[in-house]
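What follows is a set of notes on a single structure, which appears directly below.
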Amino acid sequence: MRSEVAAVMKRDLQDFIDERAEHLAVVYLTRRQDLVIERMRMTADYGLDILVTIVRDKFPTGRVFGVQVKGQDEAFKDIQKLSLSLTQKETNYFQDLPFPVCVFLFTMENDKGYYKWIKYPVGELNQLLSSIEQERWHPLDEYEIGQIVDDVNSWYDAKSHSAA
């Protein structure tokens with residue numbers, strides 16, 4: 001009985017951590033006036049948590065990117081040593097998405113955020129990183145969110161130029 005209670009309490013704690021991480025992601029993203037955030041209500045344990053639309057002159061551009069959010073209760077001694085791998089279900093899910101996707105990771109101890117690309121917006125390709133473990137974690141701050149937006153915009157620009 002105690003182990004069942006402990007398992008439920010641990011699951012409740014992880015649910016709280018996940019929810020708080022998602023709130024932190026929204027806070028980080030809404031610091032920019034050119035982003036519209038839509039929280040996704042997924043029933044699966046994988047997939048997108050947030051869909052972000054880039055806005056120009058107060059109008060949606062149709063340029064979107066996805067964010068998967070993860071949380072951890074303790075701070076990292078060395079974030080670069082943290083491994084993140086995709087399950088086969090996640091790989092299949094992300095492969096079918098027609099836009100860039102990154103993962104945000106937050107620690108509850110100090111609310112620090114980090115990100116890495118799952119589906120990187122490079123050139124005309126929107127490449128799924130088959131080896132996400134080798135992708136480097138970046139600190140999540142206003143500058144890096146600007147870099148994410150710039151990378152996404154550059155990818156859409158390259159797509160529209162190649163279609164012309």
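The values are calculated or read from the model by the stated rules, or taken from the named source; none is laboratory data. Treat the numbers as computed from the prediction; the structure is a model and nothing was measured. In this analysis, Cβ positions are derived from the backbone assuming ideal geometry, glycine residues included, and neighbour counts consider all displayed protein chains.
Answer yes or no as to whether Tyr115 is of a type in the set (Phe, Trp, Tyr), at pLDDT 90 or above, in contact with a strand residue (DSSP E or B) (Cβ under 8 Å, 6 or more places away or on another chain) and crowded, with 17+ Cβ neighbours inside 10 Å.
Working: of a type in the set (Phe, Trp, Tyr): yes; at pLDDT 90 or above: yes; in contact with a strand residue (DSSP E or B) (Cβ under 8 Å, 6 or more places away or on another chain): yes; crowded, with 17+ Cβ neighbours inside 10 Å: yes.
Criteria met by Tyr115.
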Pairs, first within 10 Å of Trp137 (Cα to Cα) in region 70-90, second modelled with pLDDT under 80 and part of a loop (DSSP other than H, G, I, E, B), C-beta under 7 Å, six or more apart: Leu82/Phe76
So in region 25-57, with the set limited to residues that are in contact with a Leu (Cβ under 9 Å, 6 or more places away or on another chain) and part of a helix (DSSP H, G or I), which one is surrounded by the fewest Cβ atoms within 10 Å (Cβ to Cβ)? Leu29
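Filter region 61-111 down to the residues that are among the aliphatic types (A, V, I, L, M) and over 12 Å from the mean Cα position of the chain (by Cα), then identify the one that is nearest to Ala21 (Cα to Cα).
Met108
Go over the candidates Phe65, Phe94, Phe99, Phe106 one by one and state the one that is in contact (Cβ under 8 Å) with a residue 60 or more places away in the chain and closer than 19 Å to Asp151 by Cα. Don't jump to the end; show me each part of the working.
Details: Phe94 fails: in contact (Cβ under 8 Å) with a residue 60 or more places away in the chain; Phe99 fails: in contact (Cβ under 8 Å) with a residue 60 or more places away in the chain; Phe106 fails: closer than 19 Å to Asp151 by Cα.
Only one candidate passes the filter, namely Phe65.
Of the residues in region 85-97, how many are in contact with a Leu (Cβ under 9 Å, 6 or more places away or on another chain), surrounded by fewer than 14 Cβ atoms within 10 Å (Cβ to Cβ) and either assigned to a loop (DSSP other than H, G, I, E, B) or modelled with pLDDT of 90 or more (or both)?
Of the residues in region 85-97, the ones in contact with a Leu (Cβ under 9 Å, 6 or more places away or on another chain) are 86, 91, 93-95, 97.
When the remaining residues are screened for being surrounded by fewer than 14 Cβ atoms within 10 Å (Cβ to Cβ), the result is 95.
This time we only want the ones that are either assigned to a loop (DSSP other than H, G, I, E, B) or modelled with pLDDT of 90 or more (or both), so: none.
Residues that pass the stated criteria total 0.
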Within region 58-80, does at least one residue satisfy the condition of being assigned to a helix (DSSP H, G or I) and at pLDDT below 85? yes
